[in-house]
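See below for the structure under consideration.
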Amino acid sequence: MKNMFYTFSTVEEMVAFVNKAEACDFDVDICYNHLVIDGKSLMGVMNVGLGKSVEIVCHSTAFSPESLIGKVA
């Protein structure tokens, strides 16, 4: 399990994150305060909102959460 903290700044960034997370064959979670949200759920990720620091948790030892950040080419 690997994790990192990140702040989403645009809706497009959230959509790109969820698209990349959906392609993963392991669980991806977004943690905000006491909430744990499925990272593959666009509605869940957008519910947290922009400008809030969240923890991205990848339930895989071989995959880095940094590769989920950024825009889809």
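General observations
- Within segment 33-72, tally of residues that are charged (D, E, K, R), over 14 Å from Ala23 (Cα atoms) and either open to solvent by less than 60 Å² (accessible area, probe 1.4 Å) or more than 10 Å from the chain's Cα centre (by Cα) (or both): 3
- Candidates Ala21, Ala16: the one that is under 16 Å from Met1 (Cα atoms), in contact with a Lys or Arg (Cβ under 7 Å, 6 or more places away or on another chain) and of a type in the set (Gly, Ala, Ser) is Ala21.
The values are calculated or read from the model by the stated rules, or taken from the named source; none is laboratory data. Owing to the predicted nature of the structure, the values given are computational and were not obtained by experimental measurement. Heads up, the Cβs are rebuilt from the backbone with ideal geometry, glycines too, and the neighbour counts pull from every protein chain shown. With ligands, DNA and RNA removed, areas are computed over all heavy atoms of the protein, side chains included. Shrake-Rupley method; radii C 1.70, N 1.55, O 1.52, S 1.80 Å.
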